[in-house]
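Asker: Could you have a look at this structure, given as structure tokens, before my questions?
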Amino acid sequence: FSPNGDGLNDVLKPIALGMRRLRYFKVYNRVGNLVFETTELGKGWDGYYKGKLCTQDVYIWKISATFSDGKTYNKTGDVLLLR
């Protein structure tokens, strides 16, 4: 994603299609520090950590969500933050 203020791909957030409850959405930097966390559907990471822009790098995301079928799914992946 590219949080540069152009209105395109500025926020990393899960697509909530079919989600009933977001248990957590977390983003970690390369060394494992938590840089973002939310339990609010529709809220995402804007590329800032403690008020400062994060560097261009690969970040790890983790999500746990319950869907309309009542099942809870846990997923992990990575994303490249581009500047």
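Asker: With the full set of protein chains in place, find how many percent of the accessible area of the chain is carbon and sulfur; take the probe as 1.4 Å. The partial results should precede the final answer.
Answerer: Working: 2820 of 5510 Å².
Reported share for carbon and sulfur atoms: 51 percent.
Asker: What does the accessible area per residue of the chain come to in Å², with a 1.4 Å probe and no ligands, DNA or RNA counted? Present the calculation step by step, with values, prior to reporting the outcome.
Answerer: Working: 5510 Å² over 83 residues.
Computed with neighbouring chains in place, this is 66 Å² per residue.
Asker: Provide the net charge surrounding Asp46, with neighbours chosen by a C-beta distance below 12 Å and charges set as Lys +1, Arg +1, Asp -1, Glu -1.
Answerer: Working: positive: Lys13, Lys43, Lys52; negative: Asp10.
In short, +2.
Asker: With all pairs of different alpha carbon atoms counted, what Kirkwood hydrodynamic radius in Å does the chain show? The partial results should precede the final answer.
Answerer: Numbers: mean 1/r = 0.0756 Å⁻¹.
Across the chain, the inverse of the average 1/r is 13.2 Å.
The values are calculated or read from the model by the stated rules, or taken from the named source; none is laboratory data. Here the structure is a predicted model, which is why all the values come from computation and not from measurement. Please note: Cβ atoms are built from the backbone with ideal geometry, for glycine as well, and neighbour counts cover all protein chains shown. All accessible areas refer to the heavy atoms of the entire protein, side chains included, with ligands and DNA or RNA removed. Shrake-Rupley method; radii C 1.70, N 1.55, O 1.52, S 1.80 Å.
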